[in-house]
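What follows is a set of notes on a single structure, which appears directly below.
The values are calculated or read from the model by the stated rules, or taken from the named source; none is laboratory data. None of these values were measured; they are calculated from a predicted model. As a convention, Cβ positions derive from the backbone with ideal geometry for all residues, glycine included, and neighbour counts pool all protein chains shown. Protein only, heavy atoms only, side chains kept; ligands, DNA and RNA dropped before computing areas. Shrake-Rupley method; radii C 1.70, N 1.55, O 1.52, S 1.80 Å.
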Amino acid sequence: MLDVGDGHHLWFEQAGQGVDALVLHGGPGSGCRPGHYDLFDLTRYRVTLLDQRGCGRSTPNAGQDMAALRQNTTAHLIADIEALRVHLGLEAWVLFGGSWGTTLAMAYAQTHPDRVRGMVLAGVATTTPRDLQWLYGDIGNMFPEAYEAFCAHVPEVGTDPSQTPARIAAYAKRLRDPSRADAAAAAWCAWEAGIFGGDINAPGSRYSDPDFRRCFARIVTHYFAQNTWFSPDQLLRGVARMAHIPCTMIHSRFDPSCPLKGPWDLNKAWPQSQLHVLEGNTHSALDQEMKLAIRAATDRFFEGVE
């Protein structure tokens, strides 16, 4: 556990030996899983897993304690990554990010470009207001039954996709109310799972755990209600600061949560990047097709830095 101040203690763990790499999980608020080690050859990499503020095994946990949302912003997470690097005595490391973790990886790389040896990003999310509008509004046209249920939990907002910011804010408010949090978390996570054909009550699903649902939904709405404290297109406009860093982006053409246009635009602006497009709809780094593509990318990157 790393004490980063503000009452936050971050869980981290390492396995393997070789080139140092850091895993930045999605969400925000989903936490790391043991399967993240499978994305690397542990005879070549020393991999650090980190549960970001407020989630996973870090404390306090937003599923039980609203204090987990205090001093919990993107800037805090960037500072936490740097504090962990210093704590471990590392000069620089390879970053792997999945979903929200890709946003965080790029934000860290643009803040500390000399501390990143390379990146592998999967299910690339730039987390702009346009992206949030898509995920919690426009894509409802493809999943009308799930979208209707998602909107019905905050009926005062209605179903107009243009009201996405108000919808996220309404959920965030309910999730802070102990008497309404469980129902709001279930409704939010049902939408997150539903666009991938999932069911929050399916055996083995992390969403089946009420504590996980509260933690995840509270943190993700806390961040998205504030547009992650980014200015519009901040990551794309800041590409020059990380242009020298080699990066492989892996993205599914039909990923329902993150349109391909985001990584496509990044790839065009980023001289040292490569974009590998999968012809499916997988998003999670731990889905088999995505996992194989990520492992191939981390293997190829190792050959370049050995």
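For region 1-154, the carbon plus sulfur part of the accessible surface works out to 51%, probe radius 1.4 Å. Taking the convex hull of the alpha carbon positions in region 151-299 and averaging its projected area over all directions gives 10.4 nm². On full extension, the segment bounded by residue 3 and residue 79 gains 26.1 nm, given 0.36 nm per residue less the C-alpha separation. Put simply, the amide H of residue 46, placed in the peptide plane, has neighbours under 5 Å in 17, 18, 19, 20, 21, leaving out anything fewer than 5 places away on its chain. Along its principal axes, the chain has C-alpha extents of 56, 41, 38 angstrom, given from the largest down. Solvent-accessible surface of the chain, averaged per residue with a 1.4 angstrom probe and all protein chains in place: 41 square angstrom.
For the chain, the relative contact order works out to 20 percent when only alpha carbon pairs closer than 8 Å and six or more residues apart are counted. Counting Cα-Cα pairs of region 211-306 in 5 Å increments starting at 0 gives whole-percent bin shares of 2, 11, 16, 18, 20, 19, 10, 3, 1.
Using only Cα coordinates, the Kirkwood hydrodynamic radius of region 26-127 works out to 14.2 Å. Give, as ranges by residue number, the residues of region 72-86 whose backbone N falls under 19 Å from the point 7 Å along Cα→Cβ of residue 237. Counting only backbone N, you get 74-75. If you add up the charges near residue 194, with Lys and Arg at +1 and Asp and Glu at -1, over every other residue whose beta carbon is less than 13 angstrom from its beta carbon, what do you get? Combined, the nearby Lys, Arg, Asp and Glu give -4.
When the chymotrypsin sites (Phe, Trp or Tyr not before Pro) in region 212-306 are filtered for DSSP coil states and for at most 15 other beta-carbon atoms within 10 Å of their beta-carbon, the remaining sites are 254. Each listed q (0.15, 0.24 Å⁻¹) maps to a log10 I(q)/I(0) for region 126-193, found by the Debye formula over equal Cα scatterers with no solvent: -0.43, -1.07.
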